[in-house]
Amino acid sequence: MAFTWTTRKIILSLIIVSFIMIGVIFAVNKWTTPDTPAFQDQFTREFLLKDGEAPEGFHLFESGTGKYTMIFPDNYVIEKESYYRKKGRSSGVINTENIYLRLGDTHLEKNKLLKGIKLFLKPDGNVLIDADLKILLEQIDAPSDTKIETIKDDNKTVYYAENIDNYEAEGGNINTNFFLYGFITDNHSKQSLYFNLRQKCFDSSEKCEIDFDKEKAMALKMLESIQFK
C-alpha cells in the first residue's frame, strides 16, 4: 500500500516523537536515581526502594525474601557472590537469606581497613534465645561479663553487644577488630535476624584507625530501623 507524502510525514513525526519520549524517560530515570555507591551497583539496587524514606546517608532496603526492611548505608554494596536464599524444609517458602555488605571503596592494599556487615535471616531463630546470646559473645571474643544491651518495640526485640579486640601481629604491628553483633527477634513469629558488623584495621598504630563511636551509631540506626513483615 502506497503512502501519501502527508501520511509519510505524520509517520516520521510519530517515530521522532517516540524516540524523544524514550530519551526523556531514560534521562529522568537516570537523573532521579541516587548517585551513591549502593544505587550505582547493579545488584545492590535490586534490594533498594528508591522512593522509600530513610535518614541522610542511608537508603531503604527490603530483604529478597520480603520478610523485613531496614535502612542501608549508601556507601556500602551487597557482595553478589556471598548472597543466597532458600526455602524452608517444611514451609516451602523462601525464608532463609544470607547477605554480606561491604564498604564499596575499601581497598586492603591501600588503607589496610576492611569493613563488612553480615545479615542472616533465620525462620526459626526465635526459640533458644539464651543459647544464641551466649554464642554471640563467643563470636566477638568478648569477656563473659560483657553486657548485652536490649532494645524493644512492638515489632521486634534487639539484643546486641560490642567488643574491641587489639592484638599483636607478625612484625609487631597492632591489629584492631571492632565487633558489634546483634540478634533481632520478631515479636510475632519465630523468625530472627543476625546482624554481624566487623571492622578490621591492619596495623592500627600506623596505617588506619576506626572511629568506634561513628560506626556504633551507624549500626544502632540500622538495628532500630528493622521492621519484620
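Would you pick out the residues in segment 140-176 that are touching a Lys or Arg at 6+ places or on another chain (Cβ under 9 Å) and either within 30 Å of Lys229 (Cβ to Cβ) or in a strand (DSSP E or B) (or both)?
Ile140, Val158, Ala161, Glu162, Asn175, Thr176
I'm checking my understanding of the structure. Among residues of segment 31-77 that are surrounded by 19 or more Cβ atoms within 10 Å (Cβ to Cβ) and of a type in the set (Phe, Trp, Tyr), which one is farthest from Arg102 (Cα to Cα)?
Out of the qualifying residues, it is Tyr68.
Where residues in segment 36-91 are closer than 17 Å to Lys229 by Cα and among the hydroxyl-bearing types (Ser, Thr, Tyr), which of them is modelled with the lowest pLDDT?
The qualifying residue modelled with the lowest pLDDT is Ser91.
Can you tell me how many residues within segment 188-202 are surrounded by fewer than 16 Cβ atoms within 10 Å (Cβ to Cβ) and in contact with a Gly (Cβ under 9 Å, 6 or more places away or on another chain)? Step through it out loud before you land on a result.
As a first pass, look at segment 188-202 and keep what is surrounded by fewer than 16 Cβ atoms within 10 Å (Cβ to Cβ): 188-190.
Next, from what is left, pick out any that are in contact with a Gly (Cβ under 9 Å, 6 or more places away or on another chain): 190.
Of the residues in that region, 1 qualify.
Identify the single condition in (1) among the small types (Gly, Ala, Ser); (2) closer than 19 Å to Met218 by Cα; (3) at pLDDT 90 or above that Gly104 does not satisfy, given that it satisfies every other one.
The number of the failed condition is (3).
The values are calculated or read from the model by the stated rules, or taken from the named source; none is laboratory data. This one's a predicted model, so the numbers in the text were calculated from it and none came from an experiment. Using ideal geometry, Cβ is built from the backbone for each residue, glycine included, and neighbour counts are taken over all protein chains shown.
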